[in-house]
Every structure is written in structure tokens, then in C-alpha cells.
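The values are calculated or read from the model by the stated rules, or taken from the named source; none is laboratory data. Computed from a predicted structure; not experimentally measured. When we count neighbours, we look across all protein chains shown, and the Cβ atoms used for this are built from the backbone with ideal geometry, even at glycine. Ligands, DNA and RNA are stripped out before the accessible areas are found, and what is left, the full protein with its side chains, is counted by its heavy atoms. Shrake-Rupley method; radii C 1.70, N 1.55, O 1.52, S 1.80 Å.
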Amino acid sequence: QVQLVESGGGLVQAGGSLRLSCAASGRTFSSYSMGWFRQAPGKGREFVAGISWSGGSTYYADSVKGRFTISRDNAKNTVYLQMNSLKPEDTAVYYCAATIVSTVVADPRGYDYWGQGTQVTVSS
């Protein structure tokens with residue numbers, strides 16, 4: 001069982017930056033690949049970025065490539081999402097998720113555990 005808690009969301013102006021954190025419970029965090037997803041009002045859950053269990057592989061949605069960076073610290077049981085050059089269309093609730101699959105997974109159905117989400121609002 002893995003419990004995930006996101007933090008770091010908030011209100012920021014367009015062009016600004018935020019760093020999201022996702023703290024995981026349990027001793028097996030390093031066995032899980034992790035992903036960040038987002039969901040805007042009236043839309044489905046969208047893949048943002050993913051990182052393999054070792055941190056050796058990362059993958060990004062085209063919409064955030066070059067602006068967002070996913071990383072993890074297995075010693076701290078935490079995964080991060082650094083978001084730069086934020087745009088109003090990045091506004092959404094951001095979720096982290098964990099999967100036992102060893103590679104990056106973009107399909108939300110492939111994830112076993114989810115956090116409760118953190119709101120990111122980008123004003124124009």
C-alpha cells in the first residue's frame with residue numbers, strides 16, 4: 001500500500017513558476033514508477049509527466065515539454081514537478097500517482113495509487 005500526498009500548488013501569474021511535491025508513505029517507494037496528471041474543470045485526466053522507478057527515464061506531454069521537469073528523491077520518498085513558464089491553460093488540479101510497472105506509463109488506468117490532488121491556478 002502506498003499513500004501519496006501532494007503539496008506546492010497555488011496561484012501564480014502567467015510566466016511564473018511552481019514546484020509541486022508528492023510525498024509517499026511506505027518503504028517500497030523506489031519500486032514504483034511515478035506520474036503527474038492534471039484535470040481541468042470539465043475535462044478528463046491528462047498525463048503531464050512520468051519518471052521510472054530509478055529516475056533513469058522520464059517522459060513528458062508535448063504541452064509541457066521544455067517547461068516542466070519531473071524528478072524524484074528515493075531517499076526522501078518524494079517526487080517533484082518543477083513547473084516554469086506557466087500558462088493559464090496549465091490551470092488544473094494536479095495529481096501524482098504510483099505504478100508498480102517499471103517504465104513510465106502515460107495511461108492513468110495503469111496506475112495503482114493516487115494522491116488527493118493540489119490546485120494550480122495561473123492567472124493571465
State which residue is nearest to residue 16 (Cα to Cα) when the search covers only the stretch 68-124 and only residues that are touching a helix residue (DSSP H, G or I) at 6+ places or on another chain (Cβ under 6 Å) and open to solvent by less than 30 Å² (accessible area, probe 1.4 Å). 122
Residue 2 being in contact (Cβ under 8 Å) with a residue 24 or more places away in the chain, touching a strand residue (DSSP E or B) at 6+ places or on another chain (Cβ under 6 Å), assigned to a loop (DSSP other than H, G, I, E, B) and at negative phi: yes
With the condition being under 15 Å from residue 10 (Cα atoms) and either in contact (Cβ under 8 Å) with a residue 24 or more places away in the chain or under 15 Å from the mean Cα position of the chain (by Cα) (or both), I'd like the strands (runs of 3 or more DSSP E) fully within the stretch 20-124 carrying at least 1 qualifying residues. 33-39, 78-83, 92-99, 118-123
Taking the criterion of being hydroxyl-bearing (Ser, Thr, Tyr) and closer than 22 Å to residue 123 by Cβ, would at least one residue in the stretch 78-85 satisfy it? yes
Looking only at the stretch 8-17, which residues are within 17 Å of the chain's Cα centre (by Cα) and open to solvent by less than 30 Å² (accessible area, probe 1.4 Å)? 10
In the stretch 19-54, anything in contact with a strand residue (DSSP E or B) (Cβ under 6 Å, 6 or more places away or on another chain), closer than 24 Å to residue 75 by Cβ and open to solvent by 30 Å² or more (accessible area, probe 1.4 Å) is listed as 19, 23, 53
